[in-house]
Amino acid sequence: MKIAQLLLLVFVITFLSCGEKEKNTHSHSGKKPNKENTVRTDSTQEKKSVPIEQLERAKELIAATGQSSLANDDAIQLFKMHCASCHGFNGNMEVNGAKNLTKSTITLEESVAQIYFGKGLMTPFRNKLSDEEIVTVARYIESLR
């Protein structure tokens, strides 16, 4: 009897997982996906994902801080303390949905905006770091590429 229950359980799990794959591969209309209704996940979509208001605020932060007086050692320490747990010490660890910073193509403004306001699972740092520290970290991230 236990073997029959186990086989039934395996069958149900297999059936349900196949049903999920089927749901995820079709659009809401029931049609198979094609080039017109698939989601692009390239870097051009990443660039467009920062709202204009956030980019404007990032530009203000960059202009206000100018060439930061913080040393590169300070930037490295800030990165290690606040970013490395998800991005790794070299920026390429990709934990918890974190992007690989060594392959990032976003601009300095976009990077500042994402650090300042957060994005997805990434927490906003506007209340944790000073404006100067945020810009310094963003500039350091550019050096990881």
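Taking all protein chains as shown and a probe of 1.4 angstrom, Arg145 keeps an accessible surface of around 110 Å². Rolling a 1.4 Å probe over the protein heavy atoms leaves Glu133 with an accessible area of roughly 50 Å². In this simple spin-label model, placing a label point 7 Å from the Cα along the Cα-to-Cβ direction at both Ala64 and Thr105 gives a separation of 3.2 nm.
Its residues counted as N, the range 58-145 yields a C-alpha radius of gyration over 2.2 N^0.38 Å of 0.97.
The values are calculated or read from the model by the stated rules, or taken from the named source; none is laboratory data. This structure is a prediction, so every number in the text was calculated from the model and none was measured. Don't worry about glycine lacking a Cβ; one is built from the backbone with ideal geometry, like all the others, and counts go over all protein chains shown. These area figures cover heavy atoms from the full protein model, side chains too; ligands, DNA and RNA do not enter into them. Shrake-Rupley method; radii C 1.70, N 1.55, O 1.52, S 1.80 Å.
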